[in-house]
Every structure is written in C-alpha cells, then in structure tokens.
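In what follows, a single structure is set out as structure tokens and then discussed.
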C-alpha cells in the first residue's frame, strides 16, 4: 500500500492532510503511516509461513517507542546494538526472548543486563568478545546463548559506509577462521552455541549478494556439522533496500522466497534450522516523511536556494551519505513555472542540505515533504547548533497521535550544569 497520496492537490498521509499536521504541530515534523509499517512487517512474516522463523526489527532504523510497541503487538522480534535499544524494547512491551544482540563493541555491563533480561541470543563478533561473554555469564551462573557473526566477504554493492560483509569491514569474524572460533566456543563452559549469523550491508537492491552469503554460510554449517558442532539457527541479518529514486529492490515476499529456495537446495540436513532475519529500513523508510517549511528563496550566481527550517540535524542522510530523498510540495499548484533549487537547511555548515537540483514551484512559507525518511531520519537526529529535535506523529487512518513531542530548550540543557 502507498501511504502518501494527493487528494484535490493536497498531500495526505493515509486519510490525514499533511497541511493540517503542519499547521497544528509546526515544522519541522516527522510523520509516519501505521498501515505501511504493519503491512511491511507482515509481508516478511507471512513469506516465512510454514517455517520456524523470527522476524527481528532492526531497532536502529527507527527506535520510537510507539513503533516498537506497534511491532511488539504483531509478535515481532528485535535486533539491537546497544543496551539502550534493549531498554527501549522492554519499555515498549517487547519480549526479551525475541531479542538478538548484535554489534562489535558490547561492554561487560551491556552483556550482564542482556543476560539478566533473558534475551534470545548474542551475535558475537570477535574471539575476545566471546571470552568476555563467557566470563560475564559465569559470574551470573548462567550460560549465554550465542551465534557467531561471520563475515562472508561478499560485496553488497552499496555505499561503503553501510557495507558490512567485506573482509576489510570491522564487523564479524572472517569466515576462513570462523570454524576455529566455533571449536573454541564449544569448549567454553558458560557459552551455549545456538547458531550462525551474518549481515553484509544495508540498502541492498539485489538478491544475489544475499544468496552468495547464504551459500558460504551454509557451507560452513555443513563443515561444522561434520566435526560434531550442530547449529540450530541461521540468522541472515537485514539490509534489503528501498526505493528512494529509481532503485528497484525486490519486495519482501520475493526476497524471502528466493532465500528459502536456495536454503532448501542444500538438502534435508539443514531444514530443521530456525531462520532469523533482521529488516529495518525496508519496514519503516517509506512509511515516513519529514515535513518542512520554506523560510527564504535565494539566488547566488547560477544556484537557487530554497532555505527551509529542517536541516542536517533533523535528517543526516543527505549530508552523511549524499543520499537522495524525494522532495515534493505539500500543496500542488500549476500557478507558475518550477525553478531548480538546492533545498538547504539553517545549520551553519556548507554540507547542510536535503536535496540538490530539485525542480519545485515554491514561495516563502511553502510546505514541502521529504519522503522515504522513516528510517535513519529521526533515529540519527541531533541537537547540533542547539536546535531542538522535531516531534514525531503516527497516523492511523483519519486520526493521529503525537508519539514524540517537540523538544524544548529546557529539554536540551536538562543534563548540563555551569562550571561555577
């Protein structure tokens, strides 16, 4: 389903006009479609029908408590990378028994809290982490459930900042040395081997890198089985991309079907394994938009600038990755000729932009919407230039609720003090 449509030249989120939200709540403003989030998660879950599986939403994509609570109600699991994300999941009503803890830098305190909470599994990314987890679990008198995250050295053909499956990446254990780490893990008294995990990158628009990764991982599973190490779970991570401009990623159903076909081709010895997947961006990205208002229109040489009230502190992706987001008017009009603008923010950085070379018909006060902003938008927001973070709204049909109020100056300085 498409959550954003025009009716009588006005942009709507489901059945709520964006202009109404901007007038009532101000700008900048994040808006999400509940129906889109639900339909995307369900597409993954239903594609696995008949097979033991767990769909773990990647919390880093958008950690809003309301969104986590919505997904928990659907039966979602959660992929976390910090104890803060674990606490968010628990506060939102998520089941700790459906939580997978990824990340290369887990502290002893984070391990201890996750063990006490009773998470499903740690995805361990180095031999030193394995040793630390064994010590922490022993101190609690427990066994830590573990999958080793292996690095299959597969090129995900994505932006280098979000490629995690190449051998030069900081993530995972090199696949050529993983067998020896598994043998070490099998001898540690406070480690319970549960499975194998990998994650090769984000914003992948082709199935082939996932299939290459799956093949290499299953070859390792077979090798381990031949040496007496039997694994019960296969975690293939997340990373399926979305359409920002002209990308054509597979939909969740086609993606899962392709994985299952390759998985089944390896024979009956693997079929008992539980399949885990960790989508994030593909669930929330196209369910969200950032609404912003034009403050000034400015010409400088050959460039025209539309200066808006949202900046890189609100949506970091364009400045960080040179990412492209659709930018559309909230109210369509044919009254005039479009001008090619760089849509830029108020932050004191030349890299503060939301989009370059966008043909738009604007005037001061016009509202525009930056689409596909539901993932890594509010999640990566900051208070740079002492700017408050914007509110977030979840739309459900013809109603909405504010799921995060706009920050105040008092909120920003609440943890600070003067030196004297």
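What the pair-distance distribution of segment 218-312 shows, using all Cα-Cα distances binned every 5 Å from zero, is 2, 9, 14, 13, 11, 10, 9, 7, 6, 5, 5, 4, 3, 1, 0 percent. Projection of the Cα convex hull of segment 289-420, averaged over all directions and equal to a quarter of that hull's surface, yields 10.4 nm².
The angle between the Cα long axis of helix 34-47 and the longest principal axis of the Cα atoms of the chain comes to about 30 degrees, rounded to the nearest 10.
Note on segment 34-284: the C-alpha convex hull projects to 12.4 nm² when averaged across all orientations. Modelled this way, with points 7 Å down the Cα-to-C-beta line, the labels at residue 348 and residue 20 are 4.0 nm from one another. Between the helical axis of 252-265 and the longest alpha-carbon principal axis of the chain there is an angle of about 20 degrees. A P(r) calculated from all alpha carbon pairs of segment 54-118, with 5 Å bins opening at zero, reads 4, 21, 35, 24, 13, 4, 0 percent. Fully extending the segment from residue 254 to residue 51, taken as 0.36 nm per residue of separation minus the present Cα-Cα distance, adds 71.5 nm. From its DSSP helices (H runs of at least four residues, each -39,500 (n - 2.57)), the chain gives a residue-normalised ellipticity at 222 nm of -8500 deg cm²/dmol. Taken over the Cα atoms of segment 350-401, the convex hull encloses 167 Å³ per residue. Pick out which of 151, 69, 383 has the largest mean-square fluctuation in a Gaussian network model of the chain, springs linking Cα atoms closer than 10 Å. Highest fluctuation among the options: 383. Measuring r between the beta carbons of residue 131 and residue 261 and using R0 = 56 Å, the FRET efficiency lands at 0.90. Under conditions of 20 °C and 1.002 mPa s, segment 1-128 yields 129 µm² s⁻¹ as its translational diffusion coefficient, taking Rh as the Kirkwood radius over Cα pairs in the Stokes-Einstein equation. Relative to the longest principal axis of the Cα atoms of the chain, helix 127-139 runs at roughly 80 degrees.
Comparing 366, 265, 382 in a Gaussian network model of the chain, where Cα atoms under 10 Å apart are tied by springs, the biggest mean-square fluctuation is seen for 265. The simple Förster model, with R0 at 25 Å and r as the Cβ-Cβ distance, assigns residue 297 and residue 386 a FRET efficiency of 0.45.
Using a basic spin-label model with each label point 7 Å from the Cα along Cα→Cβ, how many nm lie between residue 398 and residue 245? Those two pseudo-labels are separated by 4.0 nm.
Just want the ordering: 36, 298, from fewest to most Cβ atoms lying within 10 Å of their own Cβ.
With the fewest neighbours first, 36, 298 line up as 298, 36.
Separation of segment 90-131 and segment 214-229, taken as the distance between their Cα centroids, equals 24 angstrom. For the peptides 194-204, 355-365, 174-184, residues were scored by their other Cβ atoms within 10 Å and the scores averaged per peptide; the highest-first order is 194-204, 174-184, 355-365.
Taking the fewest neighbouring Cβ atoms within 10 Å as the starting point, the ordered list for 342, 15 is 15, 342. The stretch between residue 420 and residue 140, if pulled fully straight at 0.36 nm per residue, gains 96.5 nm over its current Cα-Cα span. Within the chain, antiparallel bridges make up roughly 50 percent of the DSSP beta bridges whose residues both belong there. Mind giving me the nanometre distance, one decimal, between the label points for residue 274 and residue 208, set 7 Å out from Cα along Cα→Cβ? Modelled inter-label distance: 3.4 nm.
Listed by Cβ neighbour count within 10 Å, with the fewest neighbours leading, 111, 412, 316, 273 appear as 412, 316, 273, 111.
With the convex hull of its Cα atoms as the shape, the chain has an orientation-averaged projected area of 23.1 nm². Here segment 34-284 carries DSSP beta bridges of which approximately 5% are antiparallel, counting only pairs with both residues inside. Most tightly packed first, judged by the mean number of other beta-carbon atoms within 10 Å of their residues, the peptides 77-88, 219-230 read 77-88, 219-230. Shown is the FRET efficiency for residue 7 and residue 39, computed with R0 = 22 Å from the Cβ-Cβ distance and rounded to the nearest 0.05: 0.60.
Throughout, read-outs are computed from the coordinates displayed, never taken from laboratory work. It should be emphasised that the depicted structure is a prediction, and the values quoted were computed from it without experimental measurement. In this analysis, Cβ positions are derived from the backbone assuming ideal geometry, glycine residues included, and neighbour counts consider all displayed protein chains.
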